[in-house]
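Asks: There's a structure below that I have some questions on.
Values in this text are rule-based calculations from the coordinates and carry no lab data. As the structure is a prediction and not an experimental result, all values here were calculated from the model. Cβ coordinates were reconstructed from backbone atoms using ideal geometry, including for glycine residues, and neighbour counts include every protein chain displayed.
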Ligand SMILES: Nc1ncnc2c1ncn2[C@@H]1O[C@H](COP(=O)(O)OP(=O)(O)O)[C@@H](O)[C@H]1O
Ligand SMILES: [Mg+2]
C-alpha cells in the first residue's frame, strides 16, 4: 500500500496498527439553559496495536460519546487520548487517521455503492480501487449492492456499506458504533464472523460499540463493560464471565442472566458459606465476615442438582431443551425465582423439590450495598 505524504501536522501514519490510550478522559455536556451532564467520568483504557475491544453497556452509558471523542466529533472535557505516541485531543477529525463506521456517515448520493467504496482509495491514488471495492463487497456478502445508489438502500444495507467503507480504508484505528444492529439474525452472524476475520487480516486496532453481550463476547479480545459513564471492568470475555468485578457486570453479562439472592455469609472452620433462604452453599471466598449481608450470584449453567446440601427449591416450570433442561424454581425462604440448568436425563414436574448448589468457585458474593465483589 502506498503511504501518503505527511504534512508537518499530520496525524498518525496510515496503515500501521497503532495502540490507543485513553487517559482519565471525561466528557461533560453543557448546553445553554440546561444543567451540565457528565456522560463519561474519568475513563482509562490502554488498547494494544491490532486489538479488538468492545464497549459494552446499556443505552445511555456513554459508549457513543467515547467513540465520538476518539473520532474528534466531540470535544474532550479533560484527559488525554493518544494514538501511538500522538496526543490527538486537538487534531481535527480528518488528521486523526481514525476510520469511523458511524451509521450516519454520509455517502455521496450521486455515486453508486461501488463508487462510494472506491472513492476514498482513488483520492489517495491507491491502485486497484475498484477491485478492492469489489473484494470487500464480496467478503461482506453485499456484491448485489454495488450498482445501487445510497438513497435506495434499506437501513441494514446502509449499515453494511458503512462498515465496508470503514474497513476498506484500512485505518490504523477503526471505530464502529453498533455496526450490526440493523442486520437480521443470520446476516448478523455472517457479517460478524467476516468482520473479525478482516480485522485479524488487516490488524486494525478496533473499538466496537455494542449493547449486545453475545456480539461483544464473540468478537472481542477484551471488553470494557460500562455503566453510568464508568468502566466497570476491562478484561477478556472469559474473565468478564468467570470473574465479574461487581454485581453490575455479573448481571449484565450472561444469557440467561445470573440468579441473584439476598443472603448472608456464614464462616465455619475458616470456610465461607453463603446462606440463602433455608439453604447454604460453599464458596471459595476468603474475605467475608460471619453474618455479612451479601448478594449471592449463581449462574444457571453452574447449577448442580443431586447434591447433598444446597439451596432447597420447588419447581414452578420445567422446560426440556433436549441437550439440557431448565427448571424455573422458587427458592425456599426467599421471595425469589431462580433458573436452574439440569442434566438432559433429569425430568421434573411442577411441585418437585430440587436441591441445587454450584462448584464453590462459581458462587459469587457481592457487597450488599456497593455491589463490589467480595473475594
Ligand atoms: N449532545 C449532548 N448533550 C447533552 N447530553 C448528551 C448529548 N449526547 C449524549 N448525551 C447524554 O449522554 C449520555 C450518554 O450518551 P451516549 O454516549 O450516546 O450513550 P450510549 O451510546 O452508551 O447509548 C446519555 O445520557 C445522553 O442523553
Ligand atoms: Mg450509542
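Asks: How would you classify segment 216-333 from its alpha-carbon gyration tensor, with a ≥ b ≥ c the square roots of the eigenvalues: rounded for a/c under 1.5, else prolate if a/b is greater than b/c, otherwise oblate?
Replies: Judged from the Cα gyration tensor, segment 216-333 comes out oblate (a/c at least 1.5, b/c at or above a/b).
Asks: Spin-label point model (7 Å from Cα, Cβ direction): what's the residue 316 to residue 154 distance in nm?
Replies: With each label point 7 Å from Cα toward Cβ, the separation is 3.7 nm.
Asks: Of all alpha-carbon pairs in segment 23-77, indicate the percentage at a distance above 14 angstrom.
Replies: That tail contains 59 percent of the Cα-Cα pairs.
Asks: Now for a different question. Multiply the residue gap between residue 243 and residue 193 by 0.36 nm, knock off their C-alpha separation, and tell me the result in nm, one decimal place.
Replies: In short, 15.4 nm is gained.
Asks: How big is the chain in terms of Cα radius of gyration and Dmax, in angstroms?
Replies: That works out to 24.7, 76 Å for Rg and Dmax.
Asks: Still on this structure, please answer the following. If I take R0 = 35 Å and measure r between the Cβ atoms of residue 37 and residue 262 in this structure, what FRET efficiency does the formula 1/(1 + (r/R0)^6) give, to the nearest 0.05?
Replies: With R0 = 35 Å, the Cβ-Cβ based efficiency is 0.60.
Asks: Pop a pseudo-label 7 angstrom from the Cα along the beta-carbon direction at both residue 73 and residue 46 and give the gap in nm to one decimal.
Replies: Modelled inter-label distance: 2.9 nm.
Asks: Need one number: nm distance between label points at residue 230 and residue 122, each 7 Å from Cα along Cα→Cβ, rounded to one decimal.
Replies: 5.1
Asks: Would you compute, from DSSP H runs of 4+ residues alone, the mean residue ellipticity of the chain at 222 nm, taking -39500 (n - 2.57) per run and dividing by the full residue count, rounded to the nearest 500?
Replies: -6500 deg cm²/dmol
Asks: Normalising by the residue count of segment 252-345, find the relative contact order in percent from Cα pairs under 8 Å and 6+ residues apart.
Replies: Relative contact order, segment 252-345: 26 percent.
Asks: Run through the DSSP bridge list for the chain and note the antiparallel percent, rounded to the nearest 5.
Replies: Close to 80 percent.
Asks: Is any residue of segment 68-107 close enough, with backbone N under 13 Å, to a label point placed 7 angstrom from the Cα of residue 24 along the Cα-Cβ axis, and if so, which?
Replies: Under cut-off, by backbone N: 78-81.
Asks: Rank by packing, highest mean first: peptides 252-263, 31-42, with packing defined as the count of other Cβ atoms within 10 Å averaged across residues.
Replies: 252-263, 31-42
Asks: Continuing with the same structure: Distance from the Cα centre of segment 309-350 to that of segment 93-162, in angstrom?
Replies: 50
Asks: In which sequence would 204, 108, 348 go, from the one with the fewest C-beta neighbours within 10 Å to the one with the most?
Replies: In increasing order of surrounding Cβ atoms, one gets 108, 348, 204.
Asks: So what is the relative contact order of the chain, in percent, for Cα pairs below 8 Å that sit 6 or more residues apart?
Replies: 15
Asks: Further, regarding this structure: Using 10 Å bins from zero, what percent of all Cα-Cα pairs in segment 20-242 falls into each bin?
Replies: With a bin width of 10 Å, the distribution comes to 8, 33, 36, 19, 4, 0.
Asks: Which value, in nm² and rounded to one decimal, describes the direction-averaged projected area of the C-alpha convex hull of segment 317-375?
Replies: Result: a mean projected hull area of 5.3 nm².
Asks: Of all the Cα-Cα pairs you can form in segment 154-212, what percent are over 15 Å apart?
Replies: Percent of Cα pairs beyond 15 Å in segment 154-212: 45.
Asks: Hey, for a label at residue 344 modelled as a point 7 Å past Cα toward Cβ, could you say which residues of segment 299-333 have their backbone N under 13 Å away?
Replies: The answer is 321-325.
Asks: Looking at segment 20-242, send over the antiparallel percent of its DSSP beta bridges, to the nearest 5.
Replies: About 55 percent, rounded to the nearest 5.
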